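Written below as structure tokens is the structure these notes are about.
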Amino acid sequence: MEVDYTKQVDEALFKARDLAKKDVVAAVEGLNNIEKLTRLGADMKSNTRVAKLCFEGQKWDLLMETIMTLSKKRLLIKMAIAKMVRDAVAMIDKMPTEELKMKLIETLRTVTAGKIYVEVERARLTSMVVKKLEAEGKLDEAATMLLELQVETYGSMEMREKVYYLLEQMRYSLVRNDYVRSTIISKKINIKFFGKFDTEEVQDLKLKYYDIMIRIGLHDGNYLDVCRHYREVYETKKIKSDPVKATANLRSAIVYCLLAPHTNEQWDLLNRISIQRELETVPEYKTILDLFINQELISFKGTIVAKYEKLLRRGTSTSPDTGIFDKSADGEKRWSDLHLRVGEHNMRMIAKYYTQITFERLAELLDFPVEEMESFVCNLIVTGQISGAKLHRPSRIVNLRLKKANVEQLDVWASNVHKLTDTLNKVSHLILKEQMVHKNLDLTVASARA
């Protein structure tokens, strides 16, 4: 049964404030009876006021002890402990020393452990500890502590704050080189959130999210995903308002799309990028893009290396370096991947016009040594990028058309003969029709003259 003890609490608080000027400990102890009375009477409003006054004294050890004691009281109202924790969190910045501040944080983390109604406060307290550990260089310990939080289940936490904590968890996972866990956490973030709000804070969260996703994509070698992430960054209002950053992200998106293996998705994305009006700001990269869209051979040495290596690897005065093909091990790998993508494009073009081709001629067209060409073509056959091709090593010939079985060949001939006879029947019918029309006209004219 709820009882209103507001009048009694007012009197007790008045006396306690006067007594606190002389003896804080005695003032706090004097409130024990009224605190118990309001707690057992379920007077949430009054109990909250009592709990708040219990830690208003400036004796910090007493403050910690009071918080711990009140949190363990029987039948303590959730509203009272939640209010006490919030007020204590607000006092953290007012603590005189860093040591006392951390002691109060640890006390509050102990109090909030396992309590759903103060889970948001616990997350914020944990974040404070994590930042301190990171400043001290204890990254592994900080990551372990933050990753214990299951913020995606916190119903009382705002979506913006929830996304912030999830991004921090992703960042700390990357610090530990745990790319798998970071990928799993990324799936807990609904990217539609970034499109619902257009505030600068949400845009910063979006850029942080895609920056982490780009790092994950590069680690996994998934160039197509990296291209998509750069396009999302490019479409961000904050980036579009800065021409330098916008063009840099657009160049990166183009290059990573070209680096991605040829699939239906990659081809579709390549064509969608090619029709963007914004490509006018990067004409050199538009030219490279058109090379891969046009159904023609590309000479890696004669075109890519001779004309565009400086642009792609070192940049020019009008088009700065993207950093994708730098001199690092990853940059060199991506440059060799570009060579492979050019070879794959050329192989698809060759397969359209050749049924057979010698090893030497194919190696010449692909800009590969014969030995590398052979392993390159075998890989394309295994992955299914060119179907029906076979290598005949004794004769050093590549067959680019799958030889049909005798029955299949006869079926094709029969089908062709059937189409031919149908065409002949139709033509003969039309000829006979014309003859009958002219015969009737001649008879009509003759009868008219008679």
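The values are calculated or read from the model by the stated rules, or taken from the named source; none is laboratory data. Model, not experiment: these values are computed from the prediction. Every residue, glycine as well, gets a Cβ built from its backbone with ideal geometry; the counts of neighbours run over all protein chains shown. What goes into the accessible areas is simple: the full protein's heavy atoms, side chains included, and nothing from ligands, DNA or RNA. Shrake-Rupley method; radii C 1.70, N 1.55, O 1.52, S 1.80 Å.
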Exercise. How much length is gained if the chain between residue 391 and residue 161 is pulled fully straight, taking 0.36 nm per residue apart and subtracting their Cα-Cα distance, in nm to one decimal?
Worked result: 76.9 nm
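Got a sec? What order do 336, 252 fall in by accessible area at 1.4 Å, biggest, i.e. largest, first?
Most to least solvent-accessible, the answer reads 336, 252.
So if each residue of separation counts as 0.36 nm, and I subtract the Cα-Cα distance between residue 378 and residue 139, what length gain in nm does that give?
81.5 nm
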Seminar exercise, completed: the range 214-352, Kirkwood Rh and Cα Rg, ratio Rg/Rh at 0.94
Seminar exercise, completed: Going residue by residue through the range 173-182, the Karplus relation 6.51 cos²θ - 1.76 cosθ + 1.60 with θ = phi - 60° gives ³J(HN,Hα) values, rounded to whole Hz and with x marking Gly or Pro, of 5, 5, 4, 8, 6, 9, 6, 5, 5, 4
For this session: Describe numerically, in nm with one decimal, the distance between label points set 7 Å from Cα along Cα→Cβ at residue 352 and at residue 153.
Result: 5.6
Problem set entry | Gyration tensor (alpha-carbon) shape descriptor, the range 90-151, a/c threshold 1.5 | oblate
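For a quick protection proxy, order the peptides 219-232, 91-104 by their average other-Cβ count within 10 Å, most packed first.
219-232, 91-104
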Seminar exercise, completed: Looking only at aspartates and glutamates whose Cα falls under 17 Å of residue 390's and that sit 8 or more positions away or on another chain, we get 344, 360, 371, 372, 374
Exercise. Of 131/208; 286/310; 83/132; 307/333, which pairs sit farther than 23 Å apart, going by alpha carbon to alpha carbon?
Worked result: 83/132
Seminar exercise, completed: Taking a probe of 1.4 Å and leaving out DNA, RNA and ligands, the range 311-410 shows per residue an accessible area in Å² of 56
Exercise. To the nearest 10 square angstrom, how much accessible area does residue 164 have with a 1.4 angstrom probe?
Worked result: 60
For this session: Quote the Stokes-Einstein diffusion coefficient, in whole µm² s⁻¹, for the range 101-253, based on the Kirkwood radius over alpha carbon pairs, a temperature of 4 °C and a viscosity of 1.567 mPa s.
Result: 77
Problem set entry | Rounded percent of accessible protein surface that carbon and sulfur make up, the range 299-340, 1.4 Å probe | 53
Exercise. Considering only protein heavy atoms, what is the solvent-accessible area of residue 156 at a probe of 1.4 Å, reported in Å² to the nearest 10?
Worked result: 80
Seminar exercise, completed: Carbon/sulfur accessible area of the range 147-246, % of total, 1.4 Å probe, equals 50
